[in-house]
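Enquirer: The structure follows.
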Amino acid sequence: MSCTVIVGGFFGDEGKGKIVAHIAMKDRPAIISRGGVGPNAGHTVTVDTRAYGVRMVPSGFVYPDAKLMIGAGVLLDPKVFLQEVGALQVKGRMFVDFRCGIIDEEHIQRDRKSEHLHSKIGTTGTGCGPANADRVLRLARQARDLPELKDFLADVPFEVNSALDAGERVILEGSQGFGISLYYGTYPYVTSKDTSASQVAADNGVGPTRVDEVIVVFKAFPTRVGEGPFNTEISQEKSREMGIEEFGTVTRRPRRIGMWDGGMARYSAMVNGCTQAAITGIDHVDPKCYGATEYRRLTEKAKAFIEAAEKDIGVPVTIISTGPELGHIIDLRGEV
Ligand code: IMP
Ligand code: MG
């Protein structure tokens with residue numbers, strides 16, 4: 001298991017950040033590198049009751065011995081990036097591909113002021129769509145054009161492939177989720193780029209033959225922020241009654257909540273080339289499972305849920321998250 005890609009299987013916010021952080025602490029990778037769209041992502045990692053929200057720095061930052069990178073395909077907002085680098089004190093091990101596209105203030109304004117993007121699509125207002133549009137038009141600036149990024153520039157594909165050649169472990173961390181992929185999601189209610197595992201590899205200049213594992217993260221009760229179809233959606237009242245309400249990390253908007261969608265899980269696993277699955281929010285299926293760290297501690301109700309999900313997905317569920325803390329996890333890798 002040297003090159004592992006981790007992506008979201010539903011509409012984003014599946015808890016990828018926590019899964020990446022856990023795997024990083026356990027597998028001790030040499031490099032953790034971000035793929036995905038850009039700072040529209042919001043990953044929450046909770047360590048010892050302290051919650052860190054990251055939008056640009058990889059969620060694996062909690063493992064202190066890894067180099068952290070942002071792949072060329074990802075959009076970089078220099079303000080967000082430099083603020084996080086300072087807050088998390090990762091300077092010295094944080095690198096950015098010199099070809100990353102830059103989000104300027106003007107992109108953010110275009111995103112927020114556009115009736116189409118803001119109201120119809122319900123974007124995060126982080127400038128990603130307009131910046132990707134300018135990148136396609138070959139107008140966007142690149143990371144190498146900004147003096148304030150000088151100390152961070154790297155050739156990420158070279159770094160990552162060299163680490164793999166040396167037999168080291170690499171985690172490629174995706175963002176967003178399958179259902180909001182520009183290609184495979186619920187177009188036009190999608191983000192500005194594909195979000196599948198192949199894209200995350202391409203974002204980092206890693207060829208398909210070099211990827212060993214694709215872990216797709218699913219959430220027991222999927223959520224969606226912004227507009228667009230959501231087959232298994234339940235009412236806000238019902239989610240409140242069930243005690244499973246959620247709010248966005250970036251936008252603080254209430255998330256729309258739904259029931260498990262087996263058909264979507266299967267399709268998403270197929271396109272992502274899923275080799276193992278992770279399921280988060282098992283404590284929402286049965287609160288008695290909160291914080292469990294061993295499979296045998298799960299209730300019959302939770303086990304039945306996981307077994308049914310495994311049939312939908314078609315590959316083993318090897319990681320089960322049972323609460324918000326990094327330690328609230330059951331890791332069955334190596335046992336199945
Ligand atoms: P954009 O990516 O900001 O252009 O937003 C397009 C759509 O993708 C909107 O519905 C957003 O709510 C959604 N979206 C973008 N990034 C994320 C994410 O990280 N998690 C969940 N939804 C997201
Ligand atoms: Mg999020």
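Bear in mind these aren't lab numbers, they're just calculated from the coordinates by the rules spelled out. Keep in mind the model is a prediction, meaning the values are calculated, not measured. Counting neighbours? That spans all protein chains shown, and the Cβs are built from the backbone with ideal geometry, glycine included.
Enquirer: Who wins for biggest fluctuation among G36, G101, G258 in a Gaussian network model of the chain, springs between alpha carbons below 10 Å?
Expert: Most flexible of the set in this elastic network: G258.
Enquirer: Run the numbers for E168 and V315: contour at 0.36 nm per residue of separation, minus the present Cα-Cα distance, in nm.
Expert: Result: 50.4 nm gained on full extension.
Enquirer: Taking only DSSP H segments of four or more residues, each worth -39500 (n - 2.57), what value at 222 nm results for the chain once the sum is divided by all its residues, to the nearest 500 deg cm²/dmol?
Expert: Helix contribution divided over all residues of the chain: -8000 deg cm²/dmol.
Enquirer: Please give the length that would be gained between T293 and Y267 if that part of the chain were fully extended, namely 0.36 nm times their separation in residues minus their C-alpha to C-alpha distance (nm, one decimal).
Expert: 6.4 nm
Enquirer: With respect to the cross-link table entries K193/K303; K238/K303; K91/K113; K67/K219, which display a Cα-Cα separation exceeding 25 Å?
Expert: Beyond 25 Å: K193/K303; K91/K113; K67/K219.
Enquirer: Okay, next question. Between R28 and R252, what's the calculated FRET efficiency when r is the beta-carbon distance and R0 is 45 Å? Round to 0.05.
Expert: That pair, R28 with R252, gives E of 0.85.
Enquirer: Among residues other than A265 whose Cβ falls under 14 Å from its Cβ, what is the net charge (Lys/Arg +1, Asp/Glu -1)?
Expert: Once positives and negatives cancel, what remains is -2.
Enquirer: Can you compute the modelled spin-label distance between M242 and E227, with each label point 7 Å from Cα toward Cβ, in nm?
Expert: 2.6
Enquirer: Here's something else I'd like to know. Which of the helices in the chain meet the span-like rule: DSSP H, Cα axial reach of 18 Å or more, Kyte-Doolittle mean at least -1.0?
Expert: Those that pass (Cα extent of 18 Å or more, hydropathy at least -1.0) are 300-313.
Enquirer: Take the alpha-carbon centre of the range 40-78, take the same for the range 158-218, and report the distance between them in whole Å.
Expert: Using only Cα atoms, the two centres lie 15 Å from each other.
Enquirer: Can you tell me how the range 80-236 classifies by the Cα gyration tensor, rounded, prolate or oblate, using a/c under 1.5 as the rounded cut?
Expert: It is oblate, given that a/c is not under 1.5 and a/b is not larger than b/c.
Enquirer: I would also like to ask the following. By the gyration tensor of its Cα atoms, with a ≥ b ≥ c the square roots of the eigenvalues, what is the shape of the range 164-318: rounded for a/c under 1.5, prolate for a/b over b/c, or oblate?
Expert: Here the range 164-318 falls in the oblate category.
Enquirer: Of P39, P147, P29, which is the most mobile in a GNM of the chain whose springs link Cα atoms less than 10 angstrom apart?
Expert: P147
Enquirer: Same structure again: When a/c reaches 1.5 or more, the comparison of a/b and b/c decides; with that in mind, is the chain rounded, prolate or oblate per its Cα gyration tensor?
Expert: oblate
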